[in-house]
Amino acid sequence: MASFGHVSELAIDGPEALEKMTPDFDLVLLDVMMPGMDGFEVARRIRENPEINDIPIIMITGLSSQKDRLQAVKAGVNDFISKPVDRVELNVRTDSMLKMKEAQDEIKQHRAMLEETVEKRTASLRKTLKELRKAQRLTHQAHLDTIRRLAVASEYRDEDTALHINRMSNYCAIVARGLSLSADEVDLILHASPMHDVGKIGIPDAILLKPGKLDNSEWEIMKQHSIIGARILRGSSSELLEAGEIIALAHHEKWNGTGYPKGLSGEDIPLYGRICAIADIFDALTSNRPYKKAFSSDKALEILQEGRGTHVDPNVVDVFFDQLDDVVEVQKKYTENEEEKRRGVPSNL
Ligand SMILES: [Fe+2]
Ligand SMILES: [Fe+2]
């Protein structure tokens, strides 16, 4: 058959044609009537093979019925040449198909190039995002660390230490979880509650460390620590510091309105304040203070129970009691050992 200057390859039947075909072919001229496998089947198999399924097929046929032609189109044939083959027609049709294939190859190449570019850019974007996430995590960690150290600094002068902060903040998280607050809120109260007493920074040693009972005027000064704390934390755009401000101001309010500084009662006291109050009271009762020895946990729980509905939010107390196993775990985990006592600073700072 005429090649018209193209490189051509001949196969005597369908199976040989299929075996010889590679993605480098640009056009298939296919007879219909062949021994063994007819042209329709060969066309179908070419279309089923993803390696070669975009090569145009011209069917050379003596069949002229519409049914046969439809069958050929269904099998994936692109064009027809009737027998006997006319050289000019063959040249025109092959030329047209080869042009189509060339355009198709260009599009394919362009698409591959685009895909490669997109892939490269996606990989670089992914890398940037990963680095950004890491930087955000580190910044957040540094933020939490700074807050914790600020809290420790404020408690450093009295006998409360980082251990009190660790226990108290974990009790808060346990209660928040028990109240079904969201994971974000549990995290927020865990990291904000250590700031409850930052205002102690503004209380003179003579009052803060006084071993006996405070007189009225000393007590008034001591009460100021909630206001001083809120003032220190006020005006920040950090969600954590905002929560810290709420807690600093509200953690000494009492359910029946006899607390300070505002004398709020019931649910007018922010929930974070009510949660921190219970955590702080329980830990204060079970710790040594300048003015008292530690109570046993049982005694402390009894005192908390007595304050249910007067001093503390009854619902929050109930949740605290429901979670006692977790509370005890935290208590055990953050207990000062002899070595830490000797050095004066707990090792888990
Ligand atoms: Fe306090
Ligand atoms: Fe405290």
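For segment 215-315, which fully contained helices (runs of 4 or more DSSP H) count at least 3 residues that are under 36 Å from the mean Cα position of the chain (by Cα) and touching a residue at least 40 places away in the same chain (Cβ under 8 Å)?
239-250, 271-285
To keep it simple, each residue is scored yes or no on (1) within 19 Å of residue 328 (Cα to Cα); (2) more than 12 Å from ligand 1 (Cβ to nearest atom).
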{"site": "153", "(1), (2)": "no, yes"}
{"site": "157", "(1), (2)": "no, yes"}
{"site": "169", "(1), (2)": "yes, yes"}
{"site": "183", "(1), (2)": "no, yes"}
{"site": "186", "(1), (2)": "yes, yes"}
{"site": "192", "(1), (2)": "no, yes"}
{"site": "198", "(1), (2)": "no, no"}
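For residues that are part of a loop (DSSP other than H, G, I, E, B) and at pLDDT 95 or above, scanning just segment 180-214, find the one that is surrounded by the most Cβ atoms within 10 Å (Cβ to Cβ).
Across segment 180-214, the extreme among qualifying residues is 181.
So which of 113, 33 is outside any helix (DSSP H, G or I), farther than 24 Å from residue 5 by Cα and either at pLDDT below 90 or under 49 Å from the mean Cα position of the chain (by Cα) (or both)?
33
Just need a number here: residues in segment 64-83 that are aliphatic (A, V, I, L, M) and buried (at least 17 other Cβ atoms within 10 Å of the Cβ).
4
What do you reckon, is residue 180 in the same structural domain as residue 328 (by TED's automatic domain parsing), over 16 Å from residue 239 (Cα atoms), free of Cβ contacts under 8 Å to residues at least 24 places away in the same chain and out of contact with any Asp or Glu (no Cβ under 8 Å at 6 or more places or on another chain)?
In short, yes.
Quick one: would you say residue 198 is away from ligand 2 (no atom under 14 Å from the Cβ) and assigned by TED's automatic domain parsing to the domain that holds residue 322?
Criteria not met by residue 198.
Just give me the residues in segment 39-63 being more than 19 Å from residue 102 (Cα to Cα) and either surrounded by 17 or more Cβ atoms within 10 Å (Cβ to Cβ) or of a type in the set (A, V, I, L, M, F, W, C) (or both), in sequence order.
Within segment 39-63, 39, 40, 42, 43, 45, 59, 60, 61, 63 meet the criteria.
Scan (1) without any contact (Cβ under 8 Å) to a residue 40 or more places away in the chain; (2) within 19 Å of residue 6 (Cα to Cα); (3) surrounded by 10 or more Cβ atoms within 10 Å (Cβ to Cβ) for the single condition residue 88 breaks and write down its number.
So residue 88 meets the others, but not (3).
The values are calculated or read from the model by the stated rules, or taken from the named source; none is laboratory data. Every value quoted in this text rests on a predicted model; they were computed, and no experiment measured them. For neighbour counting, all protein chains shown are included, and Cβ atoms are generated from backbone atoms with ideal geometry for every residue, glycine included.
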